[in-house]
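Report on the structure given below.
The values are calculated or read from the model by the stated rules, or taken from the named source; none is laboratory data. Note that this is a predicted model, so its numbers are computed, not measured. Ideal geometry is used to build each Cβ from the backbone, glycine not excepted, and the neighbour counts take in all protein chains shown. Just so you know, the surface numbers come from the protein's heavy atoms only, side chains and all, with ligands and any DNA or RNA stripped out. Shrake-Rupley method; radii C 1.70, N 1.55, O 1.52, S 1.80 Å.
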Amino acid sequence: MQLSLGRNELARYVQKQFETFFPDGADLGDLPAFVDKALGRVEHCFSRVRLKGFFANGEARFSHWHCDQYAIFLYYLANTAFREKPGHPIADKAYALNKALHALDAFYEVELPDVFAVQHPVGTVLGRASYSDYFICYHNCTVGANLENDYPSFGRGIVMYGGSRIIGKTAVGDNTFVSTGAIVIDGGELAADSILHGIYPKAGRSRTERNVISDIFGI
């Protein structure tokens, strides 16, 4: 994978950000190992994403200057720390840093898929849904629970355009485009190959011949 900073340099870069934003003296000794594992996940993800800047000349590319890429990396870093050592301060710091830098709320206990992307995700909240590969979201999207604490589930190949919300007991089928501003609450089982549009309680579905994985991810 092409890197804008070497692995050790990236770990030092992240450590400096942690110490600037959260100067509490917490032990960061595990950071290099967590960064290395997070980069392994980044490489797996970006090698399957053909968005501009993510893949070129047959290999994945990661730049710490590319805000969308760095947001994905920070999620993987936080989630990796949580998986490896639950309660580790690096998980909290990476999660909080992502909110501070990108206004992206993707909590480290949320299991985002192995292949996903974000595009200028300012104001986006990704809750404890069930996600599948080839999920992508844009700005000001929300995935959340209803009052009974039911969360959505997403099939393979989902795009959520800006301002869209999927809330509650909603099973979104494979290959679905969620239109800008669409709000679906407790939508039940939604068929694959769909465009979701409109606002609850009048949200609707149309069939689509387009394909998220090929049209958005470029696979």
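Residues to consider are F154, F177, F135; find the one that is in contact with a helix residue (DSSP H, G or I) (Cβ under 8 Å, 6 or more places away or on another chain), under 21 Å from G218 (Cα atoms) and not β-branched (V, I, T).
Numbers: F154 fails: in contact with a helix residue (DSSP H, G or I) (Cβ under 8 Å, 6 or more places away or on another chain); F135 fails: in contact with a helix residue (DSSP H, G or I) (Cβ under 8 Å, 6 or more places away or on another chain).
The unique qualifying residue is F177.
Of the residues V184, V159, which is open to solvent by less than 30 Å² (accessible area, probe 1.4 Å), in a strand (DSSP E or B), in contact with a Lys or Arg (Cβ under 9 Å, 6 or more places away or on another chain) and among the β-branched types (V, I, T)? Spell out how you get there, then give the answer.
Numbers: V159 fails: in contact with a Lys or Arg (Cβ under 9 Å, 6 or more places away or on another chain).
Exactly one residue qualifies, and that residue is V184.
Results for (1) closer than 21 Å to D193 by Cα; (2) outside any strand (DSSP E or B); (3) of a type in the set (S, T, N, Q), shown as yes or no for each residue.
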{"position": "P121", "(1), (2), (3)": "no, yes, no"}
{"position": "V125", "(1), (2), (3)": "no, no, no"}
{"position": "I136", "(1), (2), (3)": "yes, no, no"}
{"position": "N140", "(1), (2), (3)": "no, yes, yes"}
{"position": "G163", "(1), (2), (3)": "yes, yes, no"}
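Output the residues belonging to the range 126-138 that are crowded, with 17+ Cβ neighbours inside 10 Å and either of a type outside the set (S, T, Y) or modelled with pLDDT under 95 (or both).
Within the range 126-138, L126, A129, D133, F135, I136, C137 meet the criteria.
Please pick out the residue among A56, A11 that is of a type in the set (G, A, S), buried (at least 18 other Cβ atoms within 10 Å of the Cβ) and over 17 Å from V118 (Cβ atoms).
Working: A56 fails: buried (at least 18 other Cβ atoms within 10 Å of the Cβ).
A11 is the lone residue from the list that is of a type in the set (G, A, S), buried (at least 18 other Cβ atoms within 10 Å of the Cβ) and over 17 Å from V118 (Cβ atoms).
How many of the residues making up the range 142-156 are part of a loop (DSSP other than H, G, I, E, B) and buried (at least 18 other Cβ atoms within 10 Å of the Cβ)? I'd like the intermediate steps shown before the answer.
Filtering the range 142-156 down to residues part of a loop (DSSP other than H, G, I, E, B) leaves 145-152, 155-156.
When the remaining residues are screened for being buried (at least 18 other Cβ atoms within 10 Å of the Cβ), the result is 151-152, 155-156.
Residues that pass the stated criteria total 4.
To keep it simple, each residue is scored yes or no on (1) within 16 Å of the chain's Cα centre (by Cα); (2) modelled with pLDDT under 95; (3) assigned to a helix (DSSP H, G or I).
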| site | (1), (2), (3) |
| --- | --- |
| K52 | no, yes, no |
| F73 | yes, no, yes |
| L77 | yes, no, yes |
| T80 | yes, no, yes |
| R83 | no, no, yes |
| P86 | no, no, no |
| I90 | no, no, yes |
| A94 | yes, no, yes |
Inside the range 187-219, can you point out the residues that are open to solvent by 30 Å² or more (accessible area, probe 1.4 Å), among the hydrophobic types (A, V, I, L, M, F, W, C), under 20 Å from Y131 (Cβ atoms) and assigned to a strand (DSSP E or B)? L190, I195
Which of the residues that make up the range 100-124 are open to solvent by 10 Å² or more (accessible area, probe 1.4 Å), hydrophobic (A, V, I, L, M, F, W, C) and farther than 22 Å from I90 by Cβ? V122
